[in-house]
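Just so it is clear, none of the values below were taken in a lab; they were calculated from the coordinates. Note that this is a predicted model, so its numbers are computed, not measured. A quick note on method: Cβ atoms are made from the backbone with ideal geometry, for glycine too, and the neighbour counts reach across all protein chains shown.
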Amino acid sequence: MSRIHENFLNPPFYMDSNDEIEQDSIMIKNKPFSYESSHLLEESSISSQEVRDKIIQEMFLQWKEESELLTGYFRLRNRKSALEPMTRGLANFISITTWLNGKILTNINDLLNELDLLTIKPINLNERISFVIKQPDHYHSFIQLSGLYTELEKLYYKQKITSSK
């Protein structure tokens with residue numbers, strides 16, 4: 001089990017309790033900010049564009065699979081089951097966004113300011129992310145995060161196309 005750097009141990013990504021929810025149906029396998037934590041703790045790097053692209057594409061795929069599961073949770077009004085996949089999805093979204101800008105997040109204590117400095121990002125990112133962070137287990141947060149993923153995936157592929165020219 002990989003350790004998470006203290007800079008990332010904040011709600012909603014990590015709660016005060018050490019209770020880990022184990023669900024076999026979780027599609028998103030990495031813990032929130034696990035890549036960034038290993039970068040800080042072990043000085044390992046995901047700086048290779050090829051490695052980063054592979055992880056990003058995997059994260060997009062995992063979100064698509066996870067969102068189907070989340071749709072079912074919200075249809076049943078099961079916010080408790082939706083919480084962990086939503087926070088993992090949110091963390092991966094934030095990771096992809098920072099990586100797309102050639103940066104690796106080192107701290108989430110000032111997350112909104114960090115995101116504000118990025119140039120490649122979905123429209124109104126801070127307002128939308130703030131909403132999801134405050135209520136990650138709400139249906140409207142799921143809708144917002146899904147929209148953010150769709151926009152980010154378009155930005156990702158647009159950047160890949162323009163950078164290869």
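Under the combined filter of DSSP loop state and at most 12 neighbouring Cβ atoms within 10 Å, region 53-103 retains none of its GluC sites (Glu not before Pro).
Remark: for residue pairs LYS64/LYS154; LYS64/LYS134; LYS121/LYS158, the C-alpha separation exceeds 20 Å in LYS64/LYS134.
In a reduced charge model with +1 at each Lys and Arg Cβ and -1 at each Asp and Glu Cβ, region 47-163 shows a dipole moment near 220 debye about its Cα centre.
Only helices enter this figure: runs of n ≥ 4 DSSP H residues, each worth -39500 (n - 2.57), summed and divided by the residues of the chain, yield -20000 deg cm²/dmol at 222 nm to the nearest 500.
Full extension of the chain segment joining VAL51 with LYS160 gains 37.8 nm, where the gain is 0.36 nm per residue of separation less the Cα-Cα distance.
Projected over all directions and averaged, the alpha-carbon convex hull of region 89-165 occupies 4.9 nm². Local charge for LYS103 was computed over the other residues whose Cβ lies under 15 Å away, with Lys and Arg +1 and Asp and Glu -1, and equals -2.
For the chain, the direction-averaged projected area of the alpha-carbon convex hull comes to 9.4 nm². Listed by Cβ neighbour count within 10 Å, with the fewest neighbours leading, PHE60, PHE33 appear as PHE60, PHE33. Each residue in ILE123, ILE96 was given a count of other beta-carbon atoms within 10 angstrom of its own, and listing them fewest first yields ILE123, ILE96.
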